[in-house]
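The values are calculated or read from the model by the stated rules, or taken from the named source; none is laboratory data. Note that the structure is predicted; figures quoted are calculated from it, not measured. Cβ sites come from the backbone with ideal geometry, for glycine too, and all protein chains shown count toward neighbours. Just so you know, the surface numbers come from the protein's heavy atoms only, side chains and all, with ligands and any DNA or RNA stripped out. Shrake-Rupley method; radii C 1.70, N 1.55, O 1.52, S 1.80 Å.
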Amino acid sequence: GGGGGFGGGGDFGDVFGDVFGDIFGGGRRGGQRQAARGSDLRYNLELSLEEAVRGLTKELRIPTLAACDVCDGSGAKKGSSPTTCGTCHGQGQVQMRQGFFAVQQACPTCHGRGKIIKDPCNKCHGEGRVEKSKTLSVKIPAGVDTGDRIRLSGEGEAGEFGAPPGDLYVQVSVREHAIFQRDGNNLYCEVPISFSKAALGGEIEVPTLDGKVNLKIPTETQTGRMFRMRGKGVKSVRSHAVGDLLCKVVMETPVNLNERQKELLRE
Ligand SMILES: [Zn+2]
Ligand SMILES: [Zn+2]
């Protein structure tokens, strides 16, 4: 006997785990064991900043397990059907006594499935599922960002023997952009300005995700100054909020000056 009066094998924690599992756990209540729901799948989707900001419909090719089309997921050869396991009477579990406790274990005859397939399907060899890739058309909403997740209910792996499928999670990551950096709904960029524009003021062209716009620069603008262009950022995927575009102007050091320009600078 094992430790402390509980007898039998198995440590304390395991025994309690099983007992409470039986009381509170779902799935095993009320007669037959339910076949396992399919696994959830995760698909890593890389988007450009433009795609993430505007949203798009993407065709995703997903390798997964699908219900076998020959046996309709039952695992049994056409014309036959799985029979209820005689050892566990379809429960998938058998009771063993361990000291004071009755402990559930997976049925050794049917390996916990509750059913016996005497005549397995040729295509899936009794598994009820086959490897298959499917193409899904997924709508990516405008404004998604790295870390966002889109759940496609029921698009995961097929369940065991006709049980419900899992879900598919599309995990978004956004590639770095050559010009813009994103922080939440705001975009940042750096724009070069000439020495004379910085000194005298005027209009400069600034890139946005929808093309170039003009930005007025006051006289004596210092390098590194940040200009905020309201509403030129990203429209939030969760609210109606729209972010701003923050432009940092960076002065270009003049090169290849002619004598006249040098003269002017000295003055
Ligand atoms: Zn099959
Ligand atoms: Zn069984």
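With respect to the conditions (1) open to solvent by 30 Å² or more (accessible area, probe 1.4 Å); (2) more than 20 Å from GLY162 (Cα to Cα); (3) outside any loop (DSSP other than H, G, I, E, B), THR87 lacks only one, and its number is (3). Can you pull out every residue in the range 146-161 that is more than 29 Å from SER81 (Cβ to Cβ), open to solvent by less than 40 Å² (accessible area, probe 1.4 Å) and not in a strand (DSSP E or B)? Residue satisfying the conditions is ASP148 alone. Considering only the range 156-176, state which residues are under 17 Å from ILE140 (Cβ atoms) and not aliphatic (A, V, I, L, M). Across the range 156-176, the qualifying residues are ASP167, TYR169, GLN171, SER173, ARG175.
Within the range 18-69, the set of residues being away from ligand 2 (no atom under 16 Å from the Cβ), closer than 30 Å to PRO120 by Cβ, modelled with pLDDT of 65 or more and among the small types (Gly, Ala, Ser) comprises GLY38, SER39, ALA66, ALA67.
Every residue, every condition in (1) part of a strand (DSSP E or B); (2) open to solvent by 30 Å² or more (accessible area, probe 1.4 Å); (3) of a type outside the set (A, V, I, L, M, F, W, C); (4) within 12 Å of ligand 2 (Cβ to nearest atom), yes or no:
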position: ALA102; (1), (2), (3), (4): yes, yes, no, no
position: CYS110; (1), (2), (3), (4): no, no, no, yes
position: LYS118; (1), (2), (3), (4): no, yes, yes, no
position: LYS132; (1), (2), (3), (4): yes, yes, yes, no
